[in-house]
Amino acid sequence: MKILIVEDNAVSAAVLEAALVKLGHQPTRAPDGIMGWDAFQCEPVRVVVSDWLMPGLDGLELCQRIREHGGEYVYFILLSAQESSGGNLEQAIVAGVDDFLHKPVKIDELRMRLHVAERILNYSTQVQQLESFIPLCSYCKKVRDDKNYWSQIESYINTRTGSQFSHGVCPDCYDRVLVPQMIAVGVQPPSHACLMARKRA
């Protein structure tokens with residue numbers, strides 16, 4: 001797994017990088033929050049391990065930026081050299097932090113945290129894939145929304161994207177449906193191409 005380390009202490013960063021490599025991951029390093037944010041924008045990763053206190057942009061601000069960025073879910077682990085109070089932890093959770101590790105990081109604790117991260121990221125990917133499917137009735141072509149209501153596909157797409165629709169008839173449906181209806185009432189149907197040319201004019 002590709003993991004971004006954001007740590008302003010070079011020794012701590014090197015130790016963490018070696019531990020991640022030993023656990024079979026592919027870490028990259030950024031020496032502070034600002035460069036970590038730049039690195040994330042250039043090459044997004046699914047896991048970030050960041051120090052809490054850093055100059056310029058601290059770990060909480062970095063986490064908030066990543067949450068606002070959107071896209072695939074990122075598991076964010078915050079590092080702290082000191083025991084954090086309940087208020088600080090609540091602040092971190094509100095900012096979007098998923099987990100905490102105390103420095104110096106122990107490799108067994110890191111392994112467990114990353115095991116949880118992989119499981120959650122797999123669930124997140126599965127949910128995104130399920131949400132990408134649109135339930136469509138095979139007969140009337142209505143779409144079921146997340147509240148189990150069925151609506152016309154135009155209404156469904158308009159609600160989610162703001163797109164507007166204009167209606168027409170494709171060549172196959174014109175020949176299969178409209179031509180027989182016009183012939184049945186004694187009207188000589190124009191070709192579909194001729195009809196489209198008139199509409200453009």
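Only the coordinates and a few stated rules stand behind these numbers; no lab work does. This structure is a prediction, so every number in the text was calculated from the model and none was measured. Here the Cβ positions follow ideal geometry from the backbone for every residue, glycine too, while neighbour counts run over all protein chains shown.
Listing for the model above:
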item	result
Some residue of the range 91-104 being on the phi > 0 side of the Ramachandran plot and in contact (Cβ under 8 Å) with a residue 24 or more places away in the chain	yes
Residue list for the range 36-57, filter: closer than 25 Å to I107 by Cβ and over 22 Å from the mean Cα position of the chain (by Cα)	D51, W52, L53, M54
So G70, is it over 12 Å from I5 (Cβ atoms) and of a type outside the set (A, V, I, L, M)	yes
Selection count, the range 1-27, where residues are closer than 20 Å to R67 by Cβ and not charged (D, E, K, R)	5
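Table: residues versus (1) outside any strand (DSSP E or B); (2) in contact (Cβ under 8 Å) with a residue 40 or more places away in the chain.
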site	(1), (2)
I3	no, yes
D8	yes, yes
S12	yes, yes
V21	yes, no
R29	no, no
A39	yes, no
L53	yes, no
G56	yes, no
I66	yes, no
